[in-house]
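The values are calculated or read from the model by the stated rules, or taken from the named source; none is laboratory data. This one's a predicted model, so the numbers in the text were calculated from it and none came from an experiment. Here the Cβ positions follow ideal geometry from the backbone for every residue, glycine too, while neighbour counts run over all protein chains shown. Please note that ligands, DNA and RNA were not included when accessible areas were found on the heavy atoms of the full protein model with its side chains. Shrake-Rupley method; radii C 1.70, N 1.55, O 1.52, S 1.80 Å.
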Amino acid sequence: FKKTIAMTDADLQEKADEYAQSRSTYHGYFAKKVGLISPDLGFFVNQEAMEDNKFIKPEYIHMSKEETTELAKEAFDRYVEELKDNGIDVEIFHQSTMAADSIFPDWFTT
C-alpha cells in the first residue's frame, strides 16, 4: 500500500522556507558561543603519548611538525567557519607555548 502526496511548487517552497527558518532560529539546544584554542604555534604528535594514545592516527606519526600544524590550521579554520555559518559565535584563544598538547589545556573549564 503506497500513499502518494501531491505538492505544488508553492507547497514545496513553503516547506523549504519553514526548514530554513527552523535552522536559523536558536531553540536553546546548542551553545550560542564557544571558545577554541587555535593551533597557530604548532600542532604535532606527542611522542611520549604514542604508545598508549589510541587517538593518534598512524599516518600522523611520521609527519613533520610543519605538516601536522598546517593540516590542523586548515581543519581549525573550516571548523570556525562552519560554527559561524550556523550562528555560533567563536572566541579564539591563542597558544601560549609550542607543545603537542597545548590546544588541550587542563585549566580551561566552563
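Cβ separations smaller than 7 Å between residues 6+ apart or across chains give the following pairs from segment 47-74 residues that are open to solvent by 80 Å² or more (accessible area, probe 1.4 Å) to residues that are small (Gly, Ala, Ser): Lys65/Gly42. Scan segment 39-87 for residues that are within 17 Å of the chain's Cα centre (by Cα), part of a loop (DSSP other than H, G, I, E, B) and over 15 Å from Ala100 (Cβ atoms) and the total you get is 2.
Being over 30 Å from Ala20 (Cβ atoms) and either modelled with pLDDT under 85 or loosely packed, with under 15 Cβ neighbours inside 10 Å (or both) is the requirement here; does Glu81 meet it?
So Glu81 does not fit the description; no.
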